[in-house]
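What follows is a set of notes on a single structure, which appears directly below.
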Amino acid sequence: MSKKIVIAVDGFSSCGKSSFAKLIAQRLGYLYIDSGAMYRAVTLGFIQTGLIENGAVKRDNLLENIKKLEVGFSFNPNTKKHETTLNRIVVEEQIRTIGVASLVSVVAAISEVRERMVELQRKLGVDKGIVMDGRDIGTVVFPNAELKIFMTADPKIRAERRLKELVEKDQVVNFDEILANIEERDHLDQTRDISPLRKAEDAIILDNSYMTIDEQMIWVESLVVEKTNEATSEK
Ligand code: DC
């Protein structure tokens, strides 16, 4: 029987990492985890409990406050999707608002938050058979992942995709605001001190600016077969 592998998908925001990773997981019958959703849920928790003031997180009792936030996922049998939960309440929609998006980089740059999330992410991957997307999955969370993909796309194309998504959800936003948010997040993600976004040495680059999701699936298929065969033949 072929062995299950770990697939790490990292890259810039709004690159379509989640759609890509989710579809691979679905095809392989693997667990899919959106690690960005976990940082978004923590951000929402900080906002709800008044821990963010003037765009900065209050440091008093930080560890205790993080521990009070229980981030997880629950399966919705109606939509057949896993939804992000915060203290057992589904927050899938709230974590996708521009309010959370504009503060999440600040929260994701806090070492105590990252340590807690990485611990949780590793637990989710102990049995392998997982596709996780994020920024530090191939570099920090699963440095031994059998397959690492680093996704990128033109910022303007990413902003257009994001605009379409938000408009479909009836959110009032404009293109320039989204592009500015994407560029700011790219900058913060790449320059933060702890676990900055960077390509793992052994990651394979996928620029999907002009690729459909079907083309991306064809691209990844042979890699999955190759890495699974390698893992299976290893003693
Ligand atoms: O993928 P996303 O846009 O939902 O991620 C939200 C934020 O969380 C983004 O600013 C980067 C951060 N993030 C991170 O620092 N590490 C991860 N593994 C995933 C996301």
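The values are calculated or read from the model by the stated rules, or taken from the named source; none is laboratory data. Being a predicted model, the structure only gives us computed values, none of them experimental. Please note: Cβ atoms are built from the backbone with ideal geometry, for glycine as well, and neighbour counts cover all protein chains shown.
Structure notes:
- Residues of the stretch 203-235 classified as of a type outside the set (A, V, I, L, M, F, W, C), within 19 Å of Ala21 (Cβ to Cβ), without any contact (Cβ under 8 Å) to a residue 40 or more places away in the chain and not in a loop (DSSP other than H, G, I, E, B), total: 5
- In the stretch 121-130, the qualifying residues are those that are assigned to a helix (DSSP H, G or I) and buried (at least 16 other Cβ atoms within 10 Å of the Cβ), and the one that is modelled with the lowest pLDDT is Leu124.
- Of the criteria (1) touching a Ser or Thr at 6+ places or on another chain (Cβ under 8 Å); (2) not in a loop (DSSP other than H, G, I, E, B); (3) not small (Gly, Ala, Ser), which one Gln171 fails: (2)
- The listed residues are Arg114, Arg88, Arg96, Arg59, and the only one of them that is within 13 Å of the ligand (Cβ to nearest atom), charged (D, E, K, R) and more than 23 Å from Phe142 (Cβ to Cβ) turns out to be Arg96.
- Test result for Ala200, in a loop (DSSP other than H, G, I, E, B), of a type in the set (Gly, Ala, Ser) and within 16 Å of the ligand (Cβ to nearest atom): yes
- Ala101 near the ligand (Cβ under 10 Å from one of its atoms) and of a type in the set (A, V, I, L, M): yes
- Answer from Asp170, Asp133 - the residue that is at pLDDT below 95, under 23 Å from Leu103 (Cα atoms) and out of contact with any Pro (no Cβ under 7 Å at 6 or more places or on another chain): Asp170
- Residues of the stretch 137-182 satisfying the condition of being surrounded by fewer than 16 Cβ atoms within 10 Å (Cβ to Cβ) and acidic (Asp, Glu): Asp154, Glu160, Glu165, Glu168, Asp170, Asp176, Glu177
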